[in-house]
Amino acid sequence: MNGRIRMTGLAAVRTELRTMALRVPEGARKTMHRSAEIIVEQAKKYAPEDERTGGNMVRGIQIIKDYAGANGRLQIDVGILMPPDAFSASGTPLTEAQFDRYVTLIHENYESIIEKPGKKTLQKMGENPGKVGSGFLTRAAREEGQKLEAKTIAAITKIIDEVSKHQ
């Protein structure tokens, strides 16, 4: 990793720093988005799946983008939103409040409220021992979060190296 800035003259340094300033946020954004996609994929593997509801909760795990603050800074979150066609185990449509309550109960207390997991959940438990059940979203985020810092540093270092080569 050759992440140094060459000092060849004030104009060249100014140009190099401006180029980096423009490209670093884009590299960081791409890295964050890729990590969010990995968290969604892992959370779907770790989430208990109730066949009677068509997998509403698993289908609802997704990336949620928002722009916050005066500068409109991009925020990338992973969450669980109710699918438009979500239904209960009895076949009736769900309200968002019912869906949110269900997701919270499953995420926080799965093992204490479900006596016998369904077939899909048992299959996932066999494929991902010790990871399926309560805290599935938190677990997926923690696993990827440990890698995100290194990925971000690598992305920024790559940009610095590319800019330094072209100056």
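The values are calculated or read from the model by the stated rules, or taken from the named source; none is laboratory data. Bear in mind that the values here come from a model prediction, so they are computed numbers and not experimental data. Glycine gets a Cβ as well: all are built from the backbone with ideal geometry, and neighbour counts include every protein chain shown. The accessibility values were calculated without ligands, DNA or RNA, using every heavy atom of the protein model including side chains. Shrake-Rupley method; radii C 1.70, N 1.55, O 1.52, S 1.80 Å.
Looking only at residues in the range 144-160 that are of a type in the set (S, T, N, Q) and within 23 Å of Ile63 (Cα to Cα), which one is least open to solvent (accessible area, probe 1.4 Å)? This residue is Thr152.
Restricting Met82, Met125 to residues that are at pLDDT 90 or above and either in a helix (DSSP H, G or I) or not aliphatic (A, V, I, L, M) (or both) narrows the list to Met125. Of note, Ala36 does not satisfy the criterion of being within 19 Å of Gln123 (Cβ to Cβ), outside any loop (DSSP other than H, G, I, E, B) and either in contact with a Cys (Cβ under 7 Å, 6 or more places away or on another chain) or among the aliphatic types (A, V, I, L, M) (or both). Within the range 109-131, the presence of a residue that is among the hydrophobic types (A, V, I, L, M, F, W, C) and open to solvent by less than 40 Å² (accessible area, probe 1.4 Å) is excluded. The test for being surrounded by 14 or more Cβ atoms within 10 Å (Cβ to Cβ) and either in contact with a helix residue (DSSP H, G or I) (Cβ under 6 Å, 6 or more places away or on another chain) or in a helix (DSSP H, G or I) (or both) holds for Ala141.
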